[in-house]
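Please treat every number below as a calculation from the coordinates, not as lab data. Predicted model, so just to flag it, every value in this text is computed and none were measured.
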Amino acid sequence: MHIGAIHGVTNLATSDSVGPGPVMRTVIVVAVVGVAFMAWFLLRGYGNDK
């Protein structure tokens with residue numbers, strides 16, 4: 001990913017202005033929670049190979 005795109009997303013997520021800031025924060029939080037849940041779901045049976 002291009003560093004300018006990362007900088008733009010970071011600016012949108014941390015802006016105090018009305019606009020995409022709250023939406024981007026919500027999208028980022030939901031994505032992180034989703035990734036954690038998917039990792040737990042995929043790895044929960046990893047050690048149960050009997």
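Quick rundown of the values:
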quantity	calculated
Length released on extending from V29 to F41, taking residue separation times 0.36 nm less the Cα-Cα span	2.5 nm
Estimated vicinal HN-Hα couplings, Hz - the range 30-44 in sequence order (Karplus 6.51, -1.76, 1.60; Gly, Pro = x)	5, 5, 5, 5, x, 5, 5, 5, 5, 4, 4, 4, 6, 9, 5
